[in-house]
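Trainee: Got a structure for you, written out below as structure tokens; questions coming shortly.
Taken together, the values in this text are just the output of simple stated rules run on the coordinates, not laboratory data. Note that this is a predicted model, so its numbers are computed, not measured. Glycine gets a Cβ as well: all are built from the backbone with ideal geometry, and neighbour counts include every protein chain shown.
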Amino acid sequence: MLLKTYENIDSIGRAILGIKASGVHNKELAEIHYPNGEKALAQVIALDREHVTLQLFGGGFGVSTDCKVRFLGKPMQVGFSNDMLGRVYSGNGKPIDGGPELMADLVRVAGPSINPVKRLIPKEMIRTGVPMIDVFNTLVRSQKIPIFAKAGEPYNRLLANIATQTDADVIIIGGVGLKYDEYHYFKRRIEEAGSNSKTIMFVHTHRDSIVEGLMVPDLALAVGERFALQGKNVFVLLSDMTQWSDYLRQVANAQDQIPANQGYPGDLYSQLASRYEKAADIDGAGSLTILGVTTMDDVTHPVPDNTGYITEGQFYMKDGYLELFGSLSRLKQQVNERTRPDHRSIMNAMARLLSESEERVKAQKFGSVKDDYSLRLLDYRKTFQKELMDPFRFLELEEALDLCWDILSNHFKKEEVGLSSELIATYWPQKRDFQTLEGSTHE
Amino acid sequence: MSKSKGKVVSVNESLVGVETTDGAVINGEVAMIMIADGKRLKSEVIDVKEGGVVYLQVFEDTGWMKVGDEVMFTGLPLAVKLGPGILGSVTDGLQNPLYELAEKEWFLERGIEVSPLDTTTKWHFTPIVKKGDTLTGGIALGHVPEKLFQHHIFVPFSIKGDHTITHIVPEGDYTIAQTIAIIKDELGNMHELQMAFDWPVKKAMPFNERSVPESPMPTGIRIIDALFPIAFGGTACNPGPFGAGKTVLQHSLARHSQADIVIIAACGERAGEAVEVFKDFPELIDPRTGKSLMDRTFIVGNTSSMPVAAREASVYMATTVGEYYRKQGLNVLILADSTSRWAQALRETSGRKEEIPGPEAFPMYISTLISAFYDRAGVEILSDGNIGSLSIIGTVSPAGGNFDEPVTQATLLSTGAFWGLSRALSDARKYPAIDRIDSTSKYPPILKKEEAAYLLELLRDGKSIASNMLLMGEKGITDESYIRYQKAELLDAVFLQQNSFDKVDGVTGPERLRLMFTLVKEIIDAPVSIQGKEAIRSHFNFLRQAFLDWNYMALDDEKFEKQKSKLTTLVKQMGYVAENI
């Protein structure tokens, strides 16, 4: 196929370029040739007769009206081979770790979704060692679930922990809008955990163009999907999808799209969904699990709000704790019946009591909490937070469940916890008969 | 009918501009776009603009399309194939059967065409008309058995005026592709009829005679059946923020509602949720029929990562199939999850068409479309005197959980029951998290009206006492108020809350609902003579525990009656003490 070059550039924006050309395909890749011989990638995003709109991977800065545009006659693809393990790539798919470019099979990026009948119902628990996850919001293989947190919370540490403490065959890190030290942190943690040989990084830092940032999830997921089709259990970590949505907003704005909520394009939901829906447990192959990060101040902001409707729950991190309320694993019911007989019941009992204690916190502000039961509830709440909500405390599920029984028995009488007599007979700790834990702080 | 042609002039995601090269174009007709790799992409005319540019919304990914690609107009609107074989199947939003697609490709590659209904299956057809009979559209020619039902084979509804049968096949096995009858109109034109025919999805099927929804449809969900019921042929919506339990509620309704047929329209939602249904349902036995639940279910899924333009089609397709089975004299329930995603798809297209946006950038006409959609539900008196109904329960996913947004508001105006899901309730693990105070229904309840009012009054009292307690503490209110509060809490815990994951507690039939109500009422009416908040709380804790244990016992459980009398004794003990003081 003869590659055509055009030079009549119409317009140059922050991330968008308009040019007159013919015979161009929607979503075709192109190269921008600068007068000084440098090249940058671009992709067609809209056609209107002879007007072609391109998205610039390198951004619009420095593009001149005498640049030439060469259409490459192929869509966006990414290399795929086992040799990619241990390597670091940028948002345009080029290695940035100083190593050589690989000869690899090319696979399509942002392809169609898997036929739902080829999906399995997720049934396998992933043990993370984090009590708030394993006990209360169990992570399940092929789940798509983000961490909701304010910027500044240690969400990347938790992400790295989960990826390295579990049994993933392949870890793919998609970093969007990372600060350099965050990138460095991921790299070091992966090396310390000895997981380097099963990890691939696609990294976009703040110095790179936003279009490259937009590409990162697609590249990471396309490669992850291929490993999953080979039978591997793949973890894709995406941090941070709020930044990604912001880039989406910038590009939509540059195209004069009519904004929906808070300037985000009307298709924000569909755009996020087509990425997160890549998570799947594939019948006859492996699985793809997506752990994301959605930074936010307020859960009703369009990005966490749309994300919550798409993902299978979220882990809500606040003040360094993993919160019970606000966190949710939609798939936990699929697995927590088969872990230990008391798992589901004690999870519900602990949550119900914590919810009751939240009521007392409100009441306490009015000075109306004086009775013994309410004071014990408040005390329980403190213990719960201290013992269970630390995301960096490692406990096996069974240890964590035992700890839950200890906490209950330290604060409540048997008939107050609403658990069946049968479970109480089996699990209620014998030795301690109703006493407050040491270090209790309520007066 | 003339078939026009055209060429692509612009491509913007799913919106494609076309200039016609010959022939006229009908708004709403289907067009096929031929792209370089030989694939034919299905699309629909949604607008004709000045200058003669025809705008198509494309139901597939438009990657690799180019200016100049050829377009063939079909002259026909988007239609659904109606006939035996729909029940038990799973299709995408354009009626492509997913299992058949999966045999060709693991991924939903574009441009793959599969017949919507199996053309090789033989159905045992029994004619009920004979040669020489006069009939018209909508009259049954005969029937075939389909799963649990006799499926009437109709003369296509589009046929108008008197026709005479010139040929009808004898009883026997036929496929939907074979001609089973030939009819002649008054001008002598012959029409060959098969067991399946097309109907345009966006055109509501006319009612033979419309009636009003008056008979409650048991759903097995206590809070709905007792307080906020839906009727056969009625409409309901359940808006709520994410995580408030919309999906679990929908699944529960799909399993336990006493409709004959359940159609699940998974519109722009997670694929995994549809998967749970179509992988689980074939294994589940419907206790009312003794057959697999899948036998009464039809799933149409345009999930969130499938092409956006087909979301709208998926909702309409489900509705059309529902109307068709209503014509069969059956009670059909459509669960549309989520109508907000459909509205968002309209918003995306509207934005690309550069229409002037309404509130939150939704198109101005959104409320009209929503009302027209819910209006397709209803009770129909058929020509043979039988009654069919179509009920619609639509999920709404309001942005930020805020019910003031345009889609929720338009839906509230169009539906008869409102089940508002609340995050506060779901955080407190009070499922189903349907707001006990703000939800409404205009349909007649399964309990008596005054009984429902009696429960609601207690709930309102409980809420107001709780807010007093927040300010003044337990010690700030009288024992009497505290007892009233505990009764409201008990009502909530043992009657309104329900564990949808439990076999027994997950579904409550009308008979058991009555039993439970009687017992709940007995508890509420009984005087309690205990003094002191601690002792009162402990008494109600015991009652709650005993009641919950009872909730988990099946009606035919040997312990069922024993547990019930244990409960009544517990209640009476306190009453006894009161009388003696």
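Trainee: Binned at 5 Å from 0, what are the whole-percent values of the Cα-Cα distance distribution for the range B:439-581, short to long?
Mentor: Calculated P(r), rounded to whole percents: 2, 9, 18, 21, 19, 16, 10, 5, 1, 0.
Trainee: Scan the range B:167-258 for GluC sites (Glu not before Pro) in coil per DSSP, keeping those whose Cβ has at most 11 other Cβ atoms within 10 Å, and list them by number.
Mentor: Answer in residue order: B:GLU171, B:GLU186, B:GLU209.
Trainee: Shifting gears a bit: Which links in B:LYS3/B:LYS327; B:LYS66/B:LYS246; B:LYS160/B:LYS202 stretch past 30 Å when you go from one Cα to the other?
Mentor: B:LYS3/B:LYS327; B:LYS66/B:LYS246
Trainee: Which whole-Hz ³J(HN,Hα) couplings does the range B:486-500 yield from phi under the Karplus relation 6.51 cos²θ - 1.76 cosθ + 1.60, θ = phi - 60°, glycine and proline marked x?
Mentor: 5, 5, 5, 4, 5, 4, 5, 5, 9, 10, 7, 7, 8, 8, 6
Trainee: Considering all projection directions equally, how large on average is the shadow of the alpha-carbon convex hull of the range B:256-337, in square nanometres?
Mentor: Average of the hull's projected areas for the range B:256-337 equals 5.1 nm².
Trainee: Something else about it: Rounded to the nearest 5, what % of DSSP beta bridges with both residues in chain B are antiparallel?
Mentor: Once the DSSP bridges in chain B are tallied, antiparallel ones form about 70 percent.
Trainee: In addition: From the residues A:ASN8, B:ALA433, A:ALA280, which one has its Cα farthest along the dipole of the protein assembly as shown in the positive direction, the dipole being from +1 and -1 charges on Cβ of Lys/Arg and Asp/Glu about the Cα centre?
Mentor: B:ALA433
Trainee: Another question, then. Among rounded, prolate and oblate, which fits the range B:280-417 when a ≥ b ≥ c are the square roots of the eigenvalues of its C-alpha gyration tensor, a/c under 1.5 means rounded, and a/b larger than b/c means prolate?
Mentor: Because a/c hits 1.5 or more and a/b exceeds b/c, the range B:280-417 counts as prolate.
Trainee: Could you tell me the ratio Rg/Rh of the range A:7-66? Both radii from Cα atoms, Rh via Kirkwood.
Mentor: 0.92
Trainee: Okay, moving on. Before anything else, pin down the relative contact order of chain A: Cα pairs under 8 Å, at least 6 apart, normalised by residue count, whole percent.
Mentor: Relative CO of chain A lands at 16 percent.
Trainee: Treating only the Cβ atoms of Lys and Arg (+1) and Asp and Glu (-1) as charged, compute the dipole magnitude of the range A:311-443 about its Cα centre; round to the nearest 20 debye.
Mentor: 300 debye
Trainee: Around B:ILE221, which amide H atoms from residues at least 5 apart in sequence, or from another chain, sit under 5 Å from its own amide H, with H modelled in the peptide plane?
Mentor: B:THR508
Trainee: I would also like to ask the following. Over all directions, average the projected area of the Cα convex hull of the range B:43-102 and note it in nm².
Mentor: 6.0 nm²
Trainee: Quick one: the Cα spread of the range A:15-113 along its three principal axes, in angstroms, biggest first?
Mentor: Result for the range A:15-113: principal-axis Cα extents of 42, 36, 19 Å.
Trainee: Kirkwood Rh over Cα pairs of chain B into Stokes-Einstein at 10 °C, 1.306 mPa s: D in µm²/s?
Mentor: 60 µm²/s
Trainee: Next question. Pull out a ≥ b ≥ c, the square roots of the eigenvalues of the alpha-carbon gyration tensor of the range B:135-250, then state rounded if a/c is under 1.5, prolate if not and a/b is larger than b/c, and oblate in the remaining case.
Mentor: Prolate, because a/c is 1.5 or more and a/b exceeds b/c.
Trainee: Which ³J(HN,Hα) values in Hz, rounded to whole numbers, follow from the phi angles of the range A:394-401 under the Karplus curve 6.51 cos²θ - 1.76 cosθ + 1.60, where θ = phi - 60° and Gly and Pro get x?
Mentor: 8, 9, 5, 3, 5, 4, 5, 5
Trainee: How high is the relative contact order of the range A:83-156, in percent, with contacts defined as C-alpha pairs under 8 Å that are six or more residues apart?
Mentor: 16 percent
Trainee: Here is a further query. With +1 on each Lys and Arg Cβ and -1 on each Asp and Glu Cβ, and nothing else charged, work out how big the dipole of the range B:352-445 is about its Cα centre, in Debye to the nearest 20.
Mentor: For this selection, approximately 320 debye.
Trainee: Sticking with this one: Suppose we look only past 16 Å in the calculated P(r) of the range A:78-126. What percent of the Cα-Cα pairs does that tail hold?
Mentor: Of all Cα-Cα pairs in the range A:78-126, 57 percent lie more than 16 Å apart.
Trainee: Assign unit charges at the C-beta atoms only (+1 for Lys and Arg, -1 for Asp and Glu), then state the dipole size of the protein assembly as shown relative to its Cα centre in Debye, rounded to the nearest 20.
Mentor: The dipole magnitude comes to about 340 debye.
Trainee: Under the Kirkwood approximation applied to all pairs of distinct alpha-carbon atoms, what is the hydrodynamic radius of the range B:62-191 in Å?
Mentor: 17.4 Å
Trainee: Picking from B:GLY28, B:ASN551, B:LEU421, whose Cα lies most toward the positive end of the charge dipole for chain B (charges on Cβ: Lys, Arg +1; Asp, Glu -1)?
Mentor: B:ASN551
Trainee: Largest first, please: the extent of the C-alpha atoms of chain A along each principal axis, to the nearest Å.
Mentor: 83, 48, 39
Trainee: Three principal axis extents, largest first, for the C-alpha atoms of the range A:110-242, in Å?
Mentor: Its Cα atoms span 41, 36, 29 Å along the three principal axes.
Trainee: Over 15 Å apart: what share of the alpha carbon pairs of the range B:348-447 falls there, rounded to a whole percent?
Mentor: In whole percent, the share of Cα-Cα pairs in the range B:348-447 beyond 15 Å is 72.
Trainee: Charges on Cβ only, +1 for Lys and Arg, -1 for Asp and Glu, centred on the Cα centroid of chain B; of B:ILE112, B:THR478, B:GLN409, which one is farthest towards the dipole's positive end?
Mentor: Highest projection toward the positive end goes to B:THR478.
Trainee: Report, ordered by chain and residue number, the aspartates and glutamates lying within cross-link reach of B:LYS130, taken as a straight Cα distance under 20 Å and ignoring same-chain residues fewer than 8 apart.
Mentor: B:ASP162, B:GLU171, B:ASP173, B:ASP185, B:GLU186, B:GLU192, B:ASP384
Trainee: Where does the range B:392-522 land on Rg/Rh, using Cα atoms and the Kirkwood Rh?
Mentor: Over the Cα atoms of the range B:392-522, Rg/Rh equals 0.99.
Trainee: Here's a follow-up. Output wanted: per-residue J couplings in Hz (rounded whole) for the range B:315-325, from phi through Karplus 6.51 cos²θ - 1.76 cosθ + 1.60, θ = phi - 60°, x for Gly and Pro.
Mentor: 5, 5, 5, 4, 5, 5, 4, x, 5, 5, 6
Trainee: Hey, what did chain B get for relative contact order, percent, Cα under 8 Å, at least 6 apart?
Mentor: Once divided by the residue count of chain B, the mean separation gives 13 percent.
Trainee: Okay, next question. Using the C-alpha gyration tensor of the protein assembly as shown, what are the square roots of 5 times its eigenvalues, in whole angstrom, with the largest one first?
Mentor: That gives 49, 42, 24 Å for the three semi-axes.
Trainee: Let me see the P(r) profile for the range B:175-241: every Cα-Cα distance counted, bins of 5 Å, each bin given as a percent of all pairs.
Mentor: For the range B:175-241, the binned pair fractions read 3, 11, 11, 12, 13, 12, 9, 9, 8, 6, 4, 1 percent.
Trainee: If you don't mind, there's one more thing I want to ask. Averaged across A:26-33, how many Cβ atoms of other chains sit within 10 Å of each residue's Cβ atom?
Mentor: If you average over the peptide's residues, the count of other-chain Cβ atoms is 3.
Trainee: For A:LYS150, list the lysines whose Cα falls under 20 Å from its own Cα; do not include residues on the same chain fewer than 8 positions away.
Mentor: Leaving aside lysines fewer than 8 places away in the same chain, those within reach of A:LYS150 are A:LYS179, A:LYS318.
Trainee: As a test, work out the antiparallel percent of DSSP beta bridges whose residues both lie in chain A, rounded to the nearest 5.
Mentor: Once the DSSP bridges in chain A are tallied, antiparallel ones form about 55 percent.
Trainee: Going by alpha carbons, how many degrees (0 to 90, nearest 10) lie between the helix axis of A:343-365 and the longest principal axis of chain A?
Mentor: It works out to around 80 degrees.
Trainee: Taking H placed 1.01 Å from N in the peptide plane, check which residues at least 5 places from A:VAL140 or on another chain put their amide H under 5 Å from its amide H.
Mentor: A:ILE126
Trainee: On a 0 to 90° scale, report how tilted helix B:449-472 is relative to the longest principal axis of chain B, with both axes built from alpha carbons and the result rounded to the nearest 10.
Mentor: 60 degrees
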